[in-house]
Structure formats: C-alpha cells, structure tokens
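First up is the structure itself, then whatever we jot down about it.
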There are 2 protein chains.
Amino acid sequence: MDQFLDSLKYDANGLVPAVVQDCENGDVLMVGYMNRDAVKATLTTGRTTFWSRSRQKFWIKGETSGNIQAVNGVYVDCDKDCLLVKVDQKGAACHEGYRSCFFRQVDSDAKEEIVLEKLMESY
Amino acid sequence: MDQFLDSLKYDANGLVPAVVQDCENGDVLMVGYMNRDAVKATLTTGRTTFWSRSRQKFWIKGETSGNIQAVNGVYVDCDKDCLLVKVDQKGAACHEGYRSCFFRQVDSDAKEEIVLEKLMESY
C-alpha cells in the first residue's frame, strides 16, 4: 500500500485529481482532489474520500447528503498524477442537485446551456 | 467568448483540468490542463489544445503523433474549475500506446494490474 501511495505524483499541495465516473453508464460525475491519506481511505474503505481544498479537511462523499459513492474500481494514469474512480453513485453527485457536476454544455461560441435535469430531492 | 473564459476559476498557475472522454464508448482517456488560451483554442478549433506543464508550451493533441482528438462536446462543472471534453479519438490517447492513459487498475490492497492492451503501432 505504502509503495503505491508513495509512487503517486502529488502536486505542490500534496494532491492528485480524481475523476469520478458512473460505473453503470460511464457518465463523468465530478472531479475531486485526494491527498495520500484520502487515496488510502478510498482504496481501503470502498467509499470515495477527498481532501476539500476550500475547507481544508477530509470529505467522505455522501457523509451528510447520503449520496454516497461506492467504489467499483480505481485506475491510475500513465504519469501517476491522476486517478480514475468508477463508482456506484447514489442520487446526485453534484451539490446543486444534478446527477453530474458537468450539467452545462458550452458551444463553440462559448454559450452555456444546461443539458441535465436536477434530480428530485427525494431521490 | 471572453465572458465565459473569464468566468472559469483557474488555479494558481492559470490552469483548469480537462477530463477527456471518448464520445463513442464513454471511456475516460486522459486528463490534461488548459489555460485560458487553450480553452479558447479547444472551443474554436474543434481540436483539444492543452498547456504542457512540463514543457511550458501549448500542445495540440495529436499534432505530431496524428492521434488527434476531434471535439464532440465541451462541458463545464458546477464550480467552473474543471472541464469535460468529449472527443472522437484517433488511435491511442496515451503516449505509451494505450487507448486510455488509465490502463492500470489498482485493487484494495494497492496492487496494480495492467487491464488494457496497447494498440498496434499502425492503428
């Protein structure tokens, strides 16, 4: 475990980005950041754990909202500076109530359009 | 265009991460970094353009290898600090010859296993 965790190339803040992908339909749900301990927690607990850059604390996805991400598979990229985590997402991944944080499409004129619907609160 | 480019939350180095996803099968291919001009180029030219952090220069994906990424759709996340770019990928996205840079899976014991095959050189 230590060997793998040490092999990752963390940025100046000790973080690697983690792309979270819906293992059911392949949708990219969000990108979060993990430090060494968050990567370890994600691998060992089977729940995505991030380091919140704004709050400077650990953040187990869904801990308060219930919208947990059960880890289905963890992948590391060629440069070992980025992770891909495939998950079984409960409810909305986005704090704004959308299934995915990428709910806005941008066209070639840079016009933005919301292309996903918000999930029901009771989802 | 300027309004959208200015609305993105770039990091201390003036960059946003861009997740590149295969628009055909949904595979996450790579994560690159874009500065303001690279985002603009990606939107206007229809070819993914990144800022190389190691080489400190623009990098049009496939310019030398021929493994271009034709942009199919650009999405921005809720916090506007990350992009998702769906592409039509020619050949390998990874410089090591794999279709995706995420060719290694990591299990709960942090053991790594290569789970993708390299593409043929002639692809």
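Read-outs: derived from the displayed coordinates by stated rules, not from any lab. Just so we're clear, the structure is a prediction, and the values are computed from it rather than from any experiment. Because the Cβ atoms are built from the backbone with ideal geometry, glycine has one as well, and the counts that use them run over all protein chains shown.
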* To the nearest Å, what is the center-to-center distance of the range B:76-113 and the range A:89-123, using C-alpha atoms only? -> 21
* Structure fact -> Here the residues of the range B:1-42 lying in the modelled label zone of A:D81, meaning backbone nitrogen under 19 Å from a point 7 Å along Cα-to-Cβ, are B:10-21, B:29-39
* Asked: Peptide A:77-87: average number of partner chain Cβ atoms within 10 Å per residue?
  -> 6
* Asked: Can you pull the mean other chain C-beta count within 10 Å for peptide A:107-117?
  -> 4
* **Karplus 3J(HN,Hα) series, Hz, for the range A:8-15 with 6.51 cos²θ - 1.76 cosθ + 1.60 (x for Gly, Pro)** => 6, 9, 6, 7, 4, 9, x, 10
* FRET efficiency estimate (nearest 0.05) - Cβ-Cβ, A:N72 to B:K118, R0 22 angstrom -> 0.35
* Starting from the coordinates of the alpha-carbon atoms of the range A:13-91, obtain the Kirkwood hydrodynamic radius over all distinct pairs and give the value in Å to one decimal. => 12.4
* Asked: To two decimal places, what compactness ratio does the protein assembly as shown give when its Cα radius of gyration is scaled by 2.2 N^0.38 Å?
  -> 0.96
* Distance in nm between pseudo-label sites at A:S54 and B:D88 (7 Å out along the Cβ direction from Cα) -> 3.8
* Could you calculate the FRET efficiency of A:N13 with B:T64 from 1/(1 + (r/R0)^6), where r is the beta carbon distance between them and R0 is 25 Å, rounded to 0.05? => 0.20
* Using alpha-carbon coordinates, inclination of helix A:36-45 to the longest axis of chain A, degrees -> 80
